[in-house]
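The values are calculated or read from the model by the stated rules, or taken from the named source; none is laboratory data. None of the values given here were measured: they were computed from a predicted structure. Glycine also receives a Cβ, built like all others from the backbone with ideal geometry; neighbour counts cover every protein chain displayed. The protein model used for the area step is the full one, side chains on, heavy atoms only, and it has no ligands, DNA or RNA in it. Shrake-Rupley method; radii C 1.70, N 1.55, O 1.52, S 1.80 Å.
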There are 2 protein chains.
Amino acid sequence: MAEETQVTAETGGRAPSRRSLLGWGGAGLALGAAAAGGAVAAVRTGDQAVPAADSGAAIPFHGTHQAGIASAVQDRLHFAAFDVKTKDRAELVQLLKDWTRAAERMAAGHAVGEGAFGGLEEAPPDDTGEALGLKPSRLTLTIGFGPSLFAKGRFGLEGKRPGALLELPAFPGDNLDPARSGGDLCVQACADDPQVAVHAIRNLARIGFGKVAVRWSQLGFGKTSSTTPEAQTPRNMMGFKDGTRNIAGTDNAALDRHVWVASKDGAGWLAGGSYLVARRIRMNIETWDRTPLKEQEDIFGRDKGEGAPVGKAKERDEPFLKAMLPTAHVRLAHPDTNDGAKLLRRGYSFTDGTDGLGRLDAGLFFLAYQRDVRTGFIPVQNSLARADVLNEYIQHVGSALFAVPPGVRDKDDWWGRALFS
Amino acid sequence: MAEETQVTAETGGRAPSRRSLLGWGGAGLALGAAAAGGAVAAVRTGDQAVPAADSGAAIPFHGTHQAGIASAVQDRLHFAAFDVKTKDRAELVQLLKDWTRAAERMAAGHAVGEGAFGGLEEAPPDDTGEALGLKPSRLTLTIGFGPSLFAKGRFGLEGKRPGALLELPAFPGDNLDPARSGGDLCVQACADDPQVAVHAIRNLARIGFGKVAVRWSQLGFGKTSSTTPEAQTPRNMMGFKDGTRNIAGTDNAALDRHVWVASKDGAGWLAGGSYLVARRIRMNIETWDRTPLKEQEDIFGRDKGEGAPVGKAKERDEPFLKAMLPTAHVRLAHPDTNDGAKLLRRGYSFTDGTDGLGRLDAGLFFLAYQRDVRTGFIPVQNSLARADVLNEYIQHVGSALFAVPPGVRDKDDWWGRALFS
C-alpha cells in the first residue's frame, strides 16, 4: 500500500480519491480501483483558473525543493504556526519524521495511517476523517523553522542558524500582535478544496499533541497571487490586481537567483530551501471603499478594471515608473526601486468575522518566498512602509519569518533531516 | 443593460463573466460577448459535487421563495447580521430597495452599479471590484428580519411580528456570546467561489454605510449539508456525515409542510417565507480526536466511513432507532423522536484561527430553515441539549433567529415590501 502511494505521488498522475485507499476489504479496493481509473479533471470556479490545471490531482510531495513554493498557486490556504512544547530533541526529530510520513500520505490523497476506519478500533482513529471522499485537490504542505527554534539551550541548533534568519526589523506603521506573530515551526497547507487544507493542518496538530501546540493559524479563502504567467493575477480585497510581475514557478533562472538558497549562501542544510515571510495585513476596507476610483488607481499605479500600469493598455505591459506618482505602490515595490529585489508571492485574502466596531476583519495574508530577506522583503517593505500611500488603508498586524528547508527527497528522507543530522 | 441582466438571471442559462457587462466601449463589449458564448461548466473539487451542477452559473434571483433555501447547497458561505442604525423608516425602506437592486445584479454575475469602472470617476466606484472577472458562481442572497426589528417604538412593525418570531429559549449547555448573537437583519450569501460571497456581503455593507452596521459575520469554508438527495452528504469537522435525511430542495410536499410559511399560519406578509435559525457551534475537536472510533460511532449512531445508521450498510438506509443508544445523535434528532419535526439544514464548517490556548476555533455554523421554530428547531434542540452525548464535545456560542420573507417577484418588488407596505 505504501509503495502504491509512492508511485501515485511521484508520477503525479491518476489521482485516487481519499476513499480509495482505505482498504475496506475487497469491495473497498475494487471501488478504489474504479475511482482511480475514473479521475475527473476539475476546474476551479473563477476565470482566474490556471489553464488545464487539474484541481483534483495530486502534486508530488518529494523533490529537490518543497512543493507549495514554485507550484502553481492553489485556491485556498490554511496556515499554522506552532510552538514546540517538548524540550527533548529526539522527540522533536521523531515528530518531524511522523509529520513527513503523514504529509506524504495526505498530499497523495490518502488518510493518515493505513488502518484508518478499517474497523471498530478501541483507539482513536489515525485520521480525523473529514477529508474522506475528497480528492487530493493539489494539496501541498510546506514546513518552515522559525528563529526561536535555534535559540541557545533548546535543541542545540544555535550553530546552524543562518545569518538571514534574523528577527525582522520594526517597520514604520507596524502594529503587530504577538499572538499572531512568530512561531518555532510553520506549516503552509495549500489546496483547491479548503476542507483538504484544514484537514491537513488539523491532523498534523493532532499528531503533534503534547509536543507542539498551534500558536496561531490563518485561513485564506482566495489566492491573490499567481506563479503561472499565463493566468490573470487574482484581485485582492481592494479590488486590484497586485503582484503582476511575480516570479513564475517555471522560471528556473529567476527561482535560482531570487528564491532558492544556494550552497554558497552559508547554512549548508538550507541549500535548496528558501525563506518565508508571513504578514497578516488588515485592510480598512470601509475607508478604502469611500475613496474615489481615480485616487485608488493613483495609489496603486494601475487602473482597476484591467490592471494596466499607468499609461499602458494591458496588465502585463512593462510599467513606465516615471509616469506614476513617486508614492505609487507599483513603483515603490518594483525591483528597479529596490536594487533588483524580487519576491515570489503566494498571498491569500482573508475575512475573519467582524472587529466589534461594525467593520469586517479582512485583508491580505501576505506570504513571500525569497533567497535572503536582507535583499528581499526587508528593502521592499522599507520602501513601502516609508512612502506608500496605501499605508493609510492597511495595517500589518502579524509577522513571522521562517527558514524553509529543501525538499524531502524520498521515503527515507524527512523534514529537517539536514538540520538535525 | 438592465434588461439583459434580467434575461440572464431568469433563464439561468449562459452565464456572462462579471467582466462582460462592464461596458468598456466596443472592445469590452465584444470581449463580453465572447465570454458569454464560451461559458464553461465548472466542477467543484470534491466528490460531493452535485452531479452536473454548473458551479459558474447564475441562480435566478426572482421567484415565489427566496433563493438560497431550497437551492442546491453551494460550496461556500459568508453570513452577516446587521444592526439597523437609522431610526428613519423611510431610510430603511430605501436601503432595502437599494439592496434588492444590488442583489439582483450580483446574483446575475454583474458589478453593483451600471457605471462601475467605466472611467476615472471622482466619486467612489459603485462596486468594490474584487469579484470582477469571476463567474456568478451560483450566488444566492437571502435576507432575514430579526425579532429586534419589530420592537415597539422603532419602525412601527410591532403589530406585524409573527408569533413564531420569538426569543429562542435558553437551552441547557448554551454559552452564547452576545457579540455573535442576534441582529436586526441578516444576509446569507452562498456561492461556489468564496470571493463572490464575500464581495456580496461587503458591497451590501458598503451600500448600507451609516444606516446599518455589521453586528457579526461568519465565513463558512465548506458545506456540511446537501439539499440534493443524489449527492453524498458532506462531512462535518467531526469527520461524520450528519443530516443525511435532510429535506430535498425538490420535494415540494415536504417544503410546504416543513419549510414554507403558509397564509393560514398567521403573519400574511411572511407567506412563502420561512424562519432561519443560525447557531455557531464550536467543536472541541482536539478532545474529539482523542475519542476512540467505536465511541465516536456510538455517539452519532452511524459508522464513520460510510455514514450508515447502526446495523445498516449504506448512508441512506432507513435507520432502526432502537438499535442505537438512547443518547445517539441520529436517534435524538430523528423526526420520530420529535413529533415529526423536520428542518432544512444548510450549515457550513468554519475555522477561525486559534483560541489562544493552542486549539483551533473550529466547528459548525448551523443554519436551518423551518415553517415554525416552535415545532421545528426548539423541540429538536431540546432533545439534543438534554441527552446528546455530543454535548461533551460541542458548545453553542452564537445564536440568532430571523423571519425570512418570501421571494422578490420581479424588478418592481423588493426585500420586505409586504412587511413595510
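Would you mind finding the one in B:129, B:156, B:109, B:113 that is out of contact with any Asp or Glu (no Cβ under 8 Å at 6 or more places or on another chain), surrounded by fewer than 22 Cβ atoms within 10 Å (Cβ to Cβ) and on the phi > 0 side of the Ramachandran plot?
Just a single option satisfies the conditions, and that option is B:156.
Exactly one condition in (1) surrounded by fewer than 22 Cβ atoms within 10 Å (Cβ to Cβ); (2) at pLDDT 95 or above; (3) under 26 Å from residue B:398 (Cβ atoms) is not met by residue B:272; state its number.
Going through the list (1) surrounded by fewer than 22 Cβ atoms within 10 Å (Cβ to Cβ); (2) at pLDDT 95 or above; (3) under 26 Å from residue B:398 (Cβ atoms), residue B:272 breaks only (3).
Which condition does residue A:312 not pass, out of (1) over 21 Å from residue A:369 (Cβ atoms); (2) within 14 Å of another protein chain (Cβ to nearest Cβ); (3) in a loop (DSSP other than H, G, I, E, B), if it passes all the others?
Result: residue A:312 passes all but (2).
Here is a list: B:290, B:331. Which entry is within 19 Å of residue B:394 (Cα to Cα) and assigned to a helix (DSSP H, G or I)? Talk me through it step by step, then tell me what you get.
Details: B:290 fails: assigned to a helix (DSSP H, G or I).
Answer to the selection: B:331.
Per-residue answers, yes or no, for (1) modelled with pLDDT under 95; (2) open to solvent by 10 Å² or more (accessible area, probe 1.4 Å); (3) of a type in the set (S, T, N, Q):
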{"residue": "B:198", "(1), (2), (3)": "no, no, no"}
{"residue": "B:202", "(1), (2), (3)": "no, no, no"}
{"residue": "B:209", "(1), (2), (3)": "yes, yes, no"}
{"residue": "B:218", "(1), (2), (3)": "no, no, yes"}
{"residue": "B:229", "(1), (2), (3)": "yes, yes, no"}
{"residue": "B:233", "(1), (2), (3)": "yes, no, yes"}
{"residue": "B:237", "(1), (2), (3)": "no, no, no"}
{"residue": "B:240", "(1), (2), (3)": "no, no, no"}
{"residue": "B:253", "(1), (2), (3)": "no, yes, no"}
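Considering only the range B:336-388, state which residues are within 14 Å of chain A (Cβ to nearest Cβ), assigned to a loop (DSSP other than H, G, I, E, B) and surrounded by fewer than 24 Cβ atoms within 10 Å (Cβ to Cβ). It would help to see each step written out before you state the result.
Looking only at the range B:336-388, we keep the residues that are within 14 Å of chain A (Cβ to nearest Cβ), and these are B:347-365.
Applying the additional criterion that residues be assigned to a loop (DSSP other than H, G, I, E, B) yields B:347, B:355-359.
B:355, B:356, B:357, B:358, B:359 - these are the residues of the range B:336-388 that are within 14 Å of chain A (Cβ to nearest Cβ), assigned to a loop (DSSP other than H, G, I, E, B) and surrounded by fewer than 24 Cβ atoms within 10 Å (Cβ to Cβ).
Taking the range B:277-286 as the region of interest, how many residues are over 15 Å from residue B:224 (Cβ atoms) and modelled with pLDDT under 95?
Qualifying residue count, the range B:277-286: 1.
Matching residues to (1) within 14 Å of chain B (Cβ to nearest Cβ); (2) modelled with pLDDT under 50; (3) open to solvent by 10 Å² or more (accessible area, probe 1.4 Å):
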{"site": "A:9", "(1), (2), (3)": "no, yes, no"}
{"site": "A:25", "(1), (2), (3)": "yes, yes, yes"}
{"site": "A:30", "(1), (2), (3)": "no, yes, yes"}
{"site": "A:37", "(1), (2), (3)": "no, yes, yes"}
{"site": "A:49", "(1), (2), (3)": "yes, yes, yes"}
{"site": "A:77", "(1), (2), (3)": "yes, no, no"}
{"site": "A:93", "(1), (2), (3)": "no, no, yes"}
{"site": "A:104", "(1), (2), (3)": "no, no, no"}
{"site": "A:119", "(1), (2), (3)": "yes, no, yes"}
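Within the range A:370-394, can you find the residues that are closer than 17 Å to residue A:255 by Cα and either among the acidic types (Asp, Glu) or without any contact (Cβ under 8 Å) to a residue 12 or more places away in the chain (or both)? Don't jump to the end; show me each part of the working.
Residues of the range A:370-394 closer than 17 Å to residue A:255 by Cα: A:370-377.
Listed by number, the list holds a single entry, A:372.
Looking only at the range A:184-235, count how many residues are outside any strand (DSSP E or B) and under 15 Å from the mean Cα position of the chain (by Cα).
13
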